Ligand SMILES: Cc1ncc(C[n+]2csc(CCOP(=O)(O)OP(=O)(O)O)c2C)c(N)n1
Ligand SMILES: [Mg+2]
């Protein structure tokens with residue numbers, strides 16, 4: 001390959017950059033350190049080549065390479081401490097993760113989906129994952145790890161450690177909203193984060209100039225509080241090293257975060273599914289090869305008299321043999337069993353709790369106070385429990401007062417306001433959970449959970465599964481939901497069906513104060529993320545008041561409550577609908593001597609199907625009553641299970657009473673018309689008993 005001598009190469013950093021860094025002198029390094037760095041770069045490159053070969057042979061399915069990014073990645077790894085510092089890398093970080101101690105056998109195991117893969121074949125290759133090395137399992141979703149990275153960094157400083165947190169992404173990823181949410185919060189909290197943008201000029205085919213304001217993320221990032229910016233030539237190990245030296249020092253001494261904007265090259269197409277000749281011309285590709293970071297380092301080593309060409313060639317040969325040998329070894333390893341696909345959607349351990357130790361017998365309280373008391377008690381019990389969200393702190397204590405008094409009692413470290421950004425709330429909670437905290441976050445209204453969807457879907461719910469149980473995300477997401485409060489389209493939504501559809505969440509939806517307290521206390525003890533859905537209309541409702549349970553009262557998830565036994569008809573309900581079921585039961589008991597059984601599910605996931613089916617077998621008639629849209633609502637699942645498992649016992653069709661297929665309108669008469677009413681339930685009961 002034709003390589004221009006290093007000295008003559010123009011830096012990839014624009015000449016007018018205000019964030020340039022003077023390169024670390026080669027003299028600062030021991031020969032062994034430099035050869036080790038060279039060796040790891042060559043290993044990473046060789047793995048790219050090998051994986052592409054395996055793919056051609058039909059043994060692998062996908063590859064996304066690091067070729068061209070090796071110098072900046074190794075410069076970062078050489079400044080961080082494996083097993084101490086945290087890493088939230090992205091898929092192009094192979095050289096980095098090798099530098100932090102992952103082995104070529106592990107990476108090849110991921111490429112070939114063997115049981116020796118740290119995610120046991122659940123993830124695509126290059127979705128790095130290691131608890132031991134504190135490398136947090138990569139999600140494919142661009143930018144989804146940035147806010148969890150912030151949470152991990154906040155956790156490091158909250159614990160009083162001097163850990164640094166590496167958070168990396170490509171240039172395209174900087175257009176994601178989460179990148180700017182990260183910049184907004186990271187400096188305010190002075191989190192020890194090192195944000196590394198590996199700017200290879202392209203996001204698949206889209207060039208930076210079409211992607212980024214100013215054509216430069218470092219120019220754009222100016223103005224964020226406490227953020228130090230470095231702009232480096234990422235193909236030059238010594239220039240990149242200098243930035244990380246400074247950034248790591250800042251992180252360890254509590255001075256705050258850094259942004260390392262590193263100009264790199266992408267020597268391969270975006271992935272094995274891409275052909276870059278379609279959008280890059282031959283001249284451009286040829287020029288990039290001049291900057292090959294491995295050749296640049298080799299030249300420096302030779303020209304400064306540190307190593308001879310033969311020595312470097314010996315290393316290349318050794319690495320080739322090692323990769324061949326490791327490939328043979330990995331090909332001999334077993335593939336995961338089909339049933340392994342079912343493992344670790346949830347934790348396989350239950351918390352050590354004695355459920356329903358006492359009957360609720362304290363002073364009657366309303367539901368929002370029961371929730372508030374549960375938070376007070378659990379924060380007292382475990383100092384790892386922290387609460388944050390919008391307006392939750394200080395004197396306000398949340399727009400519904402569920403968090404009142406928490407900052408006063410436990411301090412600003414444990415109950416604080418977040419920026420008005422749901423992805424930030426959820427993403428940092430994920431990072432804090434990774435750090436061992438037990439975040440209980442509030443999303444102000446269910447209707448505003450959607451900005452956090454990326455976190456919810458691609459980060460939080462799948463963390464345990466995709467890391468094959470190396471990471472977990474125990475957190476509680478408290479969400480006020482539901483209608484009947486004249487809240488219009490965006491203060492009334494029901495959201496349980498959406499999240500029940502995402503493997504990984506446990507979901508509670510209490511109908512009264514005592515259950516809310518018992519379920520919330522359990523939710524905080526669970527090792528999985530919990531959606532805790534609180535009906536706003538029940539917060540201060542008379543019929544939801546209940547005697548307060550004791551501080552040691554925990555209710556199990558997955559166990560429905562038979563609120564009222566009956567023999568003629570079953571109504572399955574949850575949340576605010578339980579009262580409507582009870583109203584109907586009372587009315588028909590006196591009116592027509594019809595004996596209605598009412599089941600309150602308490603939790604949606606896990607679902608107590610057994611109690612439902614047993615009840616239907618007894619009563620032979622069933623109404624599934626839920627507030628959300630009838631069409632593809634959660635009740636549709638229940639109705640279907642009944643049809644599957646109790647068909648022979650039914651004397652009438654399975655009926656659903658639920659909302660009409662519209663958003664929720666504001667005007668009272670329209671809202672009442674589309675949401676389920678007592679009359680709707682009565683009509684259904686009439687139809688079933690006379691069927
Ligand atoms: C949220 C999201 N949108 C789209 C994609 C598909 N996708 C995968 S990689 C990629 C380009 C990323 O480019 P960049 O951030 O510059 O990183 P690079 O691959 O160049 O290192 C895209 C669009 C994705 N994985 N996630
Ligand atoms: Mg890119």
Worksheet item: What number of residues within the stretch 157-169 are within 18 Å of the chain's Cα centre (by Cα) and either within 16 Å of ligand 1 (Cβ to nearest atom) or surrounded by fewer than 24 Cβ atoms within 10 Å (Cβ to Cβ) (or both)?
Response: 4
Discussion item. Give me the residue from the stretch 188-201 that is in contact with a helix residue (DSSP H, G or I) (Cβ under 6 Å, 6 or more places away or on another chain) and assigned to a loop (DSSP other than H, G, I, E, B) and, out of that set, nearest to ligand 2 (Cβ to nearest atom).
Written reply: 201
Practice prompt. Check the stretch 206-214 and report whether any residue there is within 15 Å of ligand 1 (Cβ to nearest atom), assigned by TED's automatic domain parsing to the domain that holds residue 275, within 27 Å of the chain's Cα centre (by Cα) and on the phi > 0 side of the Ramachandran plot.
Written response: no
Fill in: Condition check for residue 646: over 20 Å from residue 579 (Cβ atoms) and surrounded by 14 or more Cβ atoms within 10 Å (Cβ to Cβ)
yes
Discussion item. Any residue at all in the stretch 178-187 that's within 16 Å of ligand 2 (Cβ to nearest atom), in contact (Cβ under 8 Å) with a residue 12 or more places away in the chain and touching a helix residue (DSSP H, G or I) at 6+ places or on another chain (Cβ under 7 Å)?
Written reply: yes
Worksheet entry | Exclusive hit being buried (at least 24 other Cβ atoms within 10 Å of the Cβ) and either within 16 Å of the chain's Cα centre (by Cα) or not assigned by TED's automatic domain parsing to the domain that holds residue 177 (or both), set 464, 457 | 464
Practice prompt. For the stretch 500-513, state whether one or more residues are free of Cβ contacts under 8 Å to residues at least 40 places away in the same chain and outside any helix (DSSP H, G or I).
Written response: yes
Item to complete: Scan the stretch 637-651 and give yes if some residue there is in contact with a strand residue (DSSP E or B) (Cβ under 7 Å, 6 or more places away or on another chain) and touching a residue at least 40 places away in the same chain (Cβ under 8 Å), otherwise no.
Response: yes
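Within the group 592, 682, which residue is under 17 Å from residue 573 (Cα atoms) and either assigned by TED's automatic domain parsing to the domain that holds residue 506 or in contact (Cβ under 8 Å) with a residue 60 or more places away in the chain (or both)?
When all the criteria are applied, what remains is 682.
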Worksheet, complete the sentence: residue 221 meets each of (1) farther than 16 Å from residue 148 by Cα; (2) within 15 Å of ligand 2 (Cβ to nearest atom); (3) buried (at least 19 other Cβ atoms within 10 Å of the Cβ) with one exception, condition (2)
Practice prompt. Among the residues of the stretch 153-177, write down those that are in a loop (DSSP other than H, G, I, E, B) and either out of contact with any strand residue (DSSP E or B) (no Cβ under 8 Å at 6 or more places or on another chain) or within 16 Å of ligand 2 (Cβ to nearest atom) (or both).
Written response: 159, 160, 161, 162, 171, 176
Worksheet entry | the stretch 170-188, residues that are over 16 Å from the mean Cα position of the chain (by Cα) and near ligand 1 (Cβ under 10 Å from one of its atoms) | 170, 171, 172, 173, 174, 175
Discussion item. Checking the conditions here, which among 287, 246, 278 is more than 19 Å from residue 169 (Cα to Cα), touching a strand residue (DSSP E or B) at 6+ places or on another chain (Cβ under 8 Å) and assigned by TED's automatic domain parsing to the domain that holds residue 80?
Written reply: 246
Fill in: Residue identified as more than 21 Å from residue 579 (Cβ to Cβ), touching a strand residue (DSSP E or B) at 6+ places or on another chain (Cβ under 9 Å) and either modelled with pLDDT under 95 or surrounded by fewer than 24 Cβ atoms within 10 Å (Cβ to Cβ) (or both) among 500, 523
500
Discussion item. With the structure loaded, tell me whether residue 229 is in contact with a helix residue (DSSP H, G or I) (Cβ under 7 Å, 6 or more places away or on another chain) and within 12 Å of ligand 2 (Cβ to nearest atom) or whether it fails that test.
Written reply: no
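The values are calculated or read from the model by the stated rules, or taken from the named source; none is laboratory data. None of the values given here were measured: they were computed from a predicted structure. Positions of Cβ are backbone-derived with ideal geometry, glycine not excepted, and every protein chain shown enters the neighbour counts.
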